[in-house]
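K.L.:
First the structure, which I've put down as C-alpha cells, then a few questions once you've had a look.
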Amino acid sequence: MEALGRRGDRAARDGERTPLIRIARTALAASTVAAALVLAGCSTAPLDVGSATSTPIAATGPRTATIAQSDPVAVAPTPAPRLPASVDTADGRRVTVTDVSRIVALDRYGTYGTTVFALGLGGNLVGRDIATKFPAAQSIPVLTLGGTDANVEAIIALRPTVVLTDASLPSSATVVRQLSSAGIAVVVGSEKRAVADTPAQLRFVARALGVPDAGETLVRRVEVGLSQARAMRPDVPDADRPRIAFLYARGTGLLILGGPGSGADSLIDVVGARDAGTAAGLTDAFTSLTSEGLIRARPDVILMLTDGLQSVGGVDGLLRVPGVSETPAGRTRSVIDMDDGELLSFGPRTGDVVLALTRALYGPR
C-alpha cells in the first residue's frame, strides 16, 4: 500500500514529536505506498500487555505470502452489463449508471480496480489508483496525486462514464462534488475494509456496473477460498493460537501497530491467529508503539506489507529496530510479508489472500 491514511499520517507526525517512540530512524528508507490502511483512530499511548505467549504452532523464519495468479481472474471474458443500473451510495445519494465503457476506479487499497478486472470489465478501465498495481493494469494511467488524493483535472480529461471511489481518499467529498458537477456518474462505496465486508463490497460494485450475476460469482469464489483456508487451520484452543502483530513501516523512523479495525485484524482472525494489538488491549486501529510495548506484546509472527519491509532493509533491517529482536517473532525471524496491492485490498481476491497467508503462517500441512 502506498499511504497510511489521514489519521495514520497524523499519528506518524505525532510520533515524531513525542519521546514515546524510540525506533531507529536510520533503519528506515522513505516509502510512499498508496493504498495502505483503513482510515481509523491512532493512539500514541504506551502498551502494557503482560508477557503471555502462545504455543508455537506457526512455522518459523521469514516467508512471503504469494497468490498464484498475478492478475485478477475474470469471471466472464465479455460480460453484458444490464443498464441503466441504480445504486444507493455510501454518501447518501442515488446514482444511476447508464454507460460503463470508460471506468475510473480510485481508492487507497486498489479494491475497485481489482474488482473491475475480476468482473470482466478490465478493458473498460481507463484510470486507476496507484494501489491497483497488478501487471494487467500497469498501462492504465494513475490518477492519485502522491498516492493519496485524486487528480480531478486528469480524471475529467479521460472522459469517464463512471467513477468508482470512496472516502478513503483525502478530499473525497470535494472530488465527488466536482466530478458530479461535470456530469460524471460518481459511485461512492463504503471505505470499510475487512473480510466480513468483502461480499457486500463486491455486490455493490457489480450492481453499479450492471453485472450483478458476475458479482455473485465473485462472492462464491471468495467464500470457497475462505472455506479452504479454514480447513487448513490447526484445531487448537483460542489461547494457543499464534499472536500476529501487523506492523506498518512508514519509512520515517516509526512503526505503527495494527489493532481492532485495522483490517489486518480480520485477516489474522480468519487464518486462526490472534491479533497482537487487539490482544494487547488496543482500542485504536493503529498505535505508534514504543520498543518496550512491542516487547511486551510478544508477537509470534510479524506481518508486514512487502514495500514496508523493504523500506526497513528487509528482515535483517527490521531486527535492528529496537525491541523487534527481543520478541518471539524476532528471535525466530518469523516475518511474513505480502504484496502491498493484495494484503489489504479486500476484494475479489480475499479468498486467495487468506489462503496464501494461511500457508505462509503454518507451512506445508
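Any read-out appearing in this document is the output of simple, stated calculations on the displayed coordinates, not a laboratory observation. Computed from a prediction, not measured in an experiment: that's the story for all the values here. We place every Cβ from the backbone using ideal geometry, glycine too, and count neighbours over all the protein chains shown.
K.L.:
Based on the Cα gyration tensor of the stretch 53-139, what are the three equivalent ellipsoid semi-axes, each the root of five times an eigenvalue, rounded to whole Å and given largest first?
P.N.:
33, 18, 13
K.L.:
The stretch 74-149: which trypsin sites (Lys or Arg not before Pro) are DSSP loop and have at most 13 other beta-carbon atoms within 10 angstrom?
P.N.:
Arg82, Arg93
K.L.:
Shifting gears a bit: By DSSP, what percent of the beta bridges with both residues in the stretch 85-210 are antiparallel, rounded to the nearest 5?
P.N.:
35
K.L.:
Further question: In nm, to one decimal, how far is the Ser86 label point from the Gln228 one, both placed 7 Å along Cα→Cβ?
P.N.:
So the label points at Ser86 and Gln228 sit 4.0 nm apart.
K.L.:
Related question: By how many nm would the segment from Ala182 to Arg94 grow when fully extended, if each residue of separation counts as 0.36 nm and the alpha-carbon distance is taken off?
P.N.:
30.0 nm
K.L.:
Checking a compactness column here: for the stretch 85-210, what do you get for Rg(Cα) / (2.2 N^0.38 Å), N being the number of residues?
P.N.:
In units of the 2.2 N^0.38 Å rule of thumb, it is 0.93.
K.L.:
Which value in nm describes the separation of the simple spin-label points at Thr66 and Ala196, placed 7 Å from the Cα toward the beta carbon?
P.N.:
3.4
K.L.:
Go through the stretch 279-360 and name the trypsin sites (Lys or Arg not before Pro) that are in a DSSP coil and have 15 or fewer other Cβ atoms within 10 Å of their Cβ.
P.N.:
Arg320
K.L.:
Could I ask something else about it? What is the distance, in nm, between label points placed 7 Å from the Cα along the Cα-to-Cβ direction at Ala157 and at Thr332?
P.N.:
About 5.2 nm separates the two model spin labels.
K.L.:
Still on this structure, I have one more. Determine the dipole magnitude for the stretch 85-210: charges of +1 sit on the beta-carbon of Lys and Arg, -1 on that of Asp and Glu, nothing else is charged, the reference point is the Cα centre, and the result goes in debye to the nearest 20.
P.N.:
180
K.L.:
What relative contact order, as a whole-number percentage, does the stretch 85-210 give when Cα pairs under 8 Å and 6 or more residues apart are counted?
P.N.:
Averaging sequence separation for qualifying contacts and normalising by length gives 30 percent for the stretch 85-210.
K.L.:
Please give me the summed charge of the neighbours of Ile67: other residues whose Cβ is under 11 Å from its Cβ, Lys and Arg +1, Asp and Glu -1.
P.N.:
That sum, taken over residues with Cβ under 11 Å, equals -2.
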